[in-house]
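Trainee: Before I ask anything, let me first share the structure, which is written out below as structure tokens.
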Amino acid sequence: MRKSTLDKKYIITLLIENAVTVFLVGFVIFMVFTKRSFSTWDNIVNIINESSIYGIAACAMTVVVISGEFDLSSSSIFGWSTVIFVICINAMGIVPAFFITLVCGAAFGALNGLLIAKVKMPAFVATLGTMIAIKGLAYVMTKAQPINTNNATLKAIGSFNMGGISIIPIVYLGVLVLFIWFMRYTKFGRDIYATGGNYEVARLSGINVVFSKFIVFTMLGAAAALAGMMYGVRIKAGWAPYGQDLALYCITATIIGGTSLLGGTGSVGKTVIGVLVLAVLFNALTLLGVSGSMQKFIRGLVLITVIMLDAVVAKRQKE
Amino acid sequence: MKKACAIVLMLVLLVSVVSAGGQKEAGGAKKIFMSSAYYTAPYGAPLQEAVREKAKELGYTVQIVDGEQNADKQLSQFKAAVADGYDALIYWPGDQASTPPIVEYLNSTGKPWVALNTVVDASVLDQVPCMIASDEVEIGRWLGRLMIQYFEKNPSATKNVVYIEGSPGSSYTENLTIGVNEVIKGTDINIMNDRQFAEYDPSRAMAIMEDMLTKYGDKIELAVAQDGGMFQGAYSAIEAAGYVGKLGLLCQGQDLIVRDKLVAGELFASVAQDPFTEGSLAVEMLDKIIRGEKVENWFATPTGPIFKADIDNYRWF
């Protein structure tokens, strides 16, 4: 009798702890039986391609959140990167454009890292400032005009696909593996967990907490730049306002994936679930014929529900 | 308590998704899918309402989703719609530069489609079956002409104007300014400010106007805004500074705020851009394409000035 009560409690705890995955699986099953078009290969490929661009930045955002911080400026770095990528492609070709854009993104990230880790500015203030400044700079670069490109190499890269899957999910997969390895198997990854878990304790135990924070922002800058370039590959255009919802999307995916905003816990792998939940939800709501306004309401509700579930799990774990 | 809240929210979420998704289309009716880059813009709401009304009148069901000015998202939305078997598509782009891949995709589907409001990039304009949009430069020209008319009625040696624009780089903003400059070039109208962008945000327009009033005060003779929302913001600043009636006001727009100020005689004139006509035309043209009829590649939404005496001739929103 006692054993079955324990089993029941264990199953309930397991279900609540994995509520997001349970929700995703349940929702996918619901969609497969409700909408035949949902499970077509074309639609699955569409979901994968769509989720990959922001997914790249979401991996790095997870690392920043694990370190106990967050970054609003990644949206502007993304927009800037689409601009500089297209300008450089038109002027110099794709290889220099790739490296220049990546270095610029990393440099902006490093600036954030410097302001937050070294100057000790609150992340909200520092990244709000750089968000506005970088966006302004991108406007200045293009005289506020959107620009596009007819570069043949970019077109060839953009039209590459394997069974409908474009190059972007392949890049996303590479970034994902790199971040999972970095966070799980390197000392530096563990230092980031320690820094986010308890900054003072980490510092006193000899971890270079300033450097840890500096690096996570630099990585996010580079990842946002890479995501911006992937957007350029898909859309073949650049403009400062592109990706303005990126930061919020990445933070949402990270929270849905179970990474705590307080830092110290979470994983990049779980953020993939968060990214998938958002992508499947957006796609499903469109297929279900839900209007734009209602979609916004449901998306907000998902976020609140997940945060509430997170709080329930945290309380249960304490008990 | 938290557990109870989480359960309640999960239930609300489930009910929302199921009930929202459960609104089935009428059996056999053809389905139109529209991705609107400006879903939540003041101009978007009446335009989308007109699309729904016209579609219903012609026997179609329609789904309109928010493209959030994100070309990548719009592309994915169209792919999902095509996978779901929609019969025809309406595309309202966010900006010109990102339109080529979407235009190419829409053509590759073989489905009837039309583009709406934001003119696509020149490189693919001839590939669009039908473009329904206002002549944006012409709207700008009308603003310019009305500036000249204002100073003909209110003669001044200085002709100082504060001109508030929308979003930097958006084709609409840029084209309006091209039209304005084309008409006032060679006149002695003096735009006092450097380019000031309120990004269609009334509070930003208010802040810009406050700054202009602080800087130039009663030297300002006419304030011009590129839309009704920004006009409202600028008006609030002018009202707070006690300048209503002391300077002229001019804008583009057909919303109720504009109407009220025209009725009150505080607004000299507005330039019409009719979202109802535009939305309705989009469905009409799409219907013709579906039925295999020939349509013009470009269908311009009528534009022109609205004065106090004309207000009953327009549909306001």
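Trainee: Please arrange A:F188, A:F179 by accessible surface area, largest first, computed with a 1.4 Å probe and ligands excluded.
Mentor: If we order A:F188, A:F179 from most to least accessible, we get A:F188, A:F179.
Trainee: Still on this model: Only Lys, Arg, Asp and Glu count, each charged at its Cβ (+1, +1, -1, -1), so figure out the dipole size of the stretch B:136-273 about its Cα centre, rounded to 20 debye.
Mentor: Dipole size: approximately 360 debye.
Trainee: For the cross-link pairs A:K236/A:K270; B:K159/B:K261; B:K30/B:K56; B:K185/B:K219; B:K79/B:K111, which exceed 19 Å when the distance is taken from alpha carbon to alpha carbon?
Mentor: Those over the limit are A:K236/A:K270; B:K159/B:K261; B:K185/B:K219.
Trainee: Please list A:I44, A:I304, B:I184 in order of solvent-accessible area, largest first, computed with a 1.4 Å probe with all protein chains present.
Mentor: Working: A:I44 60, A:I304 90, B:I184 15 Å².
Largest accessible area first, the residues go A:I304, A:I44, B:I184.
Trainee: Oh, and also: Please name which of A:G266, B:V283, A:I44 has its Cα lying farthest along the dipole of the protein assembly as shown towards the positive end, using unit charges on Cβ (Lys, Arg +1; Asp, Glu -1) and the Cα centre as origin.
Mentor: Toward the positive end, the furthest listed residue is A:G266.
Trainee: Considering all alpha-carbon pairs of the stretch A:191-319, what whole percent are spaced by more than 23 angstrom?
Mentor: 48
Trainee: Let me ask another. Provide the net charge surrounding A:I44, with neighbours chosen by a C-beta distance below 12 Å and charges set as Lys +1, Arg +1, Asp -1, Glu -1. Don't jump to the answer; show the numbers that get you there.
Mentor: Values: positive: B:K79; negative: A:D42, A:E50.
Every neighbour counted, the sum reads -1.
Trainee: Could you compute the net charge surrounding B:Y105? Neighbours are other residues with a C-beta less than 15 Å from the C-beta of B:Y105; K and R count +1, D and E count -1.
Mentor: +1
Trainee: Here is a follow-up. Place a +1 charge on the Cβ of each Lys and Arg in the protein assembly as shown and a -1 charge on the Cβ of each Asp and Glu, then give the dipole magnitude about the Cα centre in debye, rounded to the nearest 20.
Mentor: That gives the protein assembly as shown a dipole magnitude of about 2660 debye.
Trainee: Nearest 5 percent is fine: what portion of the DSSP beta bridges confined to the protein assembly as shown is antiparallel? Kindly include the intermediate steps, with their values, before the conclusion.
Mentor: On the way: 8 of 45 bridges.
Around 20 percent of the beta bridges assigned by DSSP in the protein assembly as shown are antiparallel ones.
Trainee: Also, I was wondering about something else. Need one value: the accessible area of B:F151 in square angstrom, 1.4 angstrom probe, rounded to the nearest 10.
Mentor: Approximately 10 Å² for this residue.
Trainee: When only Cα pairs under 8 Å and 6 or more residues apart are kept, what is the percent relative contact order across chain B?
Mentor: About 18 percent, as a whole number.
Trainee: Right, another one. Under a point-charge model restricted to the Cβ atoms of Lys and Arg (+1) and Asp and Glu (-1), what is the dipole moment magnitude of chain B relative to its Cα centre, in debye to the nearest 20?
Mentor: Value, rounded to 20: 680 debye.
Trainee: Could you report the accessible area of A:W41 in Å², rounded to 10, computed with a 1.4 Å probe on the protein chains as they sit in the structure?
Mentor: 140
Trainee: Here's something else I'd like to know. Pop out the Kirkwood hydrodynamic radius of the stretch A:1-67 from its pairwise C-alpha distances, inverse of mean 1/r, in Å to one decimal.
Mentor: Answer for the stretch A:1-67: a Kirkwood hydrodynamic radius of 15.1 Å.
Trainee: Same structure again: Using a 1.4 Å probe and counting only protein heavy atoms, arrange B:Y38, B:Y150 so the residue with the most accessible area comes first.
Mentor: B:Y38, B:Y150
Trainee: Below 14 angstrom from the Cβ of A:L220, what's the summed charge of the other residues (Lys, Arg +1; Asp, Glu -1)? Intermediate values should be presented prior to the final figure.
Mentor: Details: positive: A:K213; negative: A:E69, A:D71.
So the surrounding residues net to -1.
Trainee: For the stretch A:125-230, which trypsin sites (Lys or Arg not before Pro) are both in a DSSP coil and crowded by at most 10 other Cβ atoms within 10 Å?
Mentor: Counting only loop positions with at most 10 other Cβ atoms within 10 Å, the trypsin sites (Lys or Arg not before Pro) in the stretch A:125-230 are A:K143.
Trainee: Taking all pairs of distinct Cα atoms, average 1/r, flip it, and tell me the Kirkwood hydrodynamic radius of chain B in Å to one decimal place.
Mentor: That comes to 21.2 Å for chain B.
Trainee: What accessible surface, in Å², does a 1.4 Å probe find on B:T158, ignoring ligands, DNA and RNA and rounding to the nearest 10?
Mentor: Per-residue accessible area (B:T158): approximately 70 Å².
Trainee: Which percent of Cα-Cα pairs in the protein assembly as shown sits in each 10 Å bin, short to long?
Mentor: For the protein assembly as shown, the binned pair fractions read 3, 15, 23, 24, 20, 11, 4, 1, 0, 0 percent.
The values are calculated or read from the model by the stated rules, or taken from the named source; none is laboratory data. Predicted model, so just to flag it, every value in this text is computed and none were measured. Cβ: placed from backbone, ideal geometry, glycine included. Neighbour counts: every protein chain shown. Protein only, heavy atoms only, side chains kept; ligands, DNA and RNA dropped before computing areas. Shrake-Rupley method; radii C 1.70, N 1.55, O 1.52, S 1.80 Å.
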